[in-house]
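Working notes, beginning with the structure itself.
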Amino acid sequence: MKPDWDSLGEKYEDSKKVLIGDVDCTSSGKAICERFGVEGYPTLMYFNPPDTEGEKYEGGRSLKELKKFVKTLGPGCSAATWDKCSEKQKAELQPYLDMSTDDLEALRSASQSQIDAAQAAHDELMKSLQEQYESSDKELKALKDRETPTLKLVKVALSGKQSAETAPAKDEV
């Protein structure tokens, strides 16, 4: 995948409309990856202005498929690019365009508050689950450390008994 991605970047390196880049999520780019919810690698994302949140690309990963996808990109639907909007997009966007700035800000704040609350609850659950896992793992290791020597002795004893029971009888003269 990397060679195709690099080739795509070279094809568009002088473009004023398309930027192909990559971020190392293990070092200085970690904050960017966290911001956009990147968890697995490689994760491909695209941003179609005015969108600043981005979307995950789920299409093919060959150079041919990537080039084909890039050609479909263009300005997204917004009030400034109304002519780029489909009828469906216009129908979805119009009620928001009809709202006052104060109402839009209140709606954005309420939506963000819901997301923040859900994220906090999720983070707390993850912390609790991690603590439960660590406790269970510690108990399991202690049990194995305690019981493994007994299991080894039982296996040796059983092996000895089975050998004695299956040994051929000796003829005595």
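A Gaussian network model of the chain, with springs between Cα atoms under 10 Å, assigns the largest mean-square fluctuation among LEU129, LEU107, LEU153 to LEU153.
Can you list the lysines whose alpha carbon is less than 25 Å from that of LYS88, not counting same-chain residues fewer than 8 positions off? Filter leaves LYS56, LYS68, LYS71.
When the chain is treated as a GNM with alpha-carbon contacts under 10 Å, the residue of ALA110, ALA142, ALA91 showing the greatest mean-square fluctuation is ALA142.
Based on DSSP H segments of at least four residues, each scored -39500 (n - 2.57), the chain has a per-residue ellipticity at 222 nm of -20500 deg cm²/dmol. Comparing region 101-157 with the 2.2 N^0.38 Å rule of thumb, its C-alpha radius of gyration ratio is 2.37 (two decimals).
Separation of region 120-137 and region 1-69, taken as the distance between their Cα centroids, equals 32 angstrom. Dipole size of region 2-98 about its Cα centre, with +1 on Lys/Arg Cβ and -1 on Asp/Glu Cβ: approximately 320 debye, rounded to the nearest 20.
Using bins 5 angstrom wide from zero, how does P(r) for region 2-98 break down, in % of all Cα pairs? Pair shares across the bins are 2, 11, 18, 20, 19, 14, 9, 5, 1, 0.
Using the Karplus relation 6.51 cos²θ - 1.76 cosθ + 1.60 with θ = phi - 60°, the per-residue 3J(HN,Hα) values for region 39-48 come to 10, x, 10, x, 10, 9, 10, 9, 10, 10 Hz, with x marking Gly and Pro. Figure legend: label point modelled 7 angstrom from the Cα of THR52 along Cα→Cβ; residues of region 78-117 with amide N under 17 Å from it are 78-81, 104-113.
In vacuum, with every alpha carbon of the chain counted as one equal point scatterer, what does the Debye formula give for log10 I(q)/I(0) at q = 0.08, 0.12, 0.13 Å⁻¹? Two decimals, please. These q points yield log10 I(q)/I(0) values of -0.55, -0.87, -0.96. Could you identify which residue out of THR72, THR43, THR52 has the top mean-square fluctuation in a GNM of the chain using Cα springs shorter than 10 Å? Comparing THR72, THR43, THR52 in the GNM, the peak value goes to THR72. Here's how it looks for MET45: its modeled amide H is under 5 Å from those of TYR57, which are all 5 or more places away or on a different chain. Report the Stokes-Einstein translational diffusion coefficient (µm² s⁻¹, integer) for region 46-89, Rh taken as the Kirkwood radius over Cα pairs, at 10 °C with viscosity 1.306 mPa s. Once the numbers are plugged in, D ends up at 135 µm²/s.
Only the coordinates and a few stated rules stand behind these numbers; no lab work does. Every value quoted in this text rests on a predicted model; they were computed, and no experiment measured them. In this analysis, Cβ positions are derived from the backbone assuming ideal geometry, glycine residues included, and neighbour counts consider all displayed protein chains.
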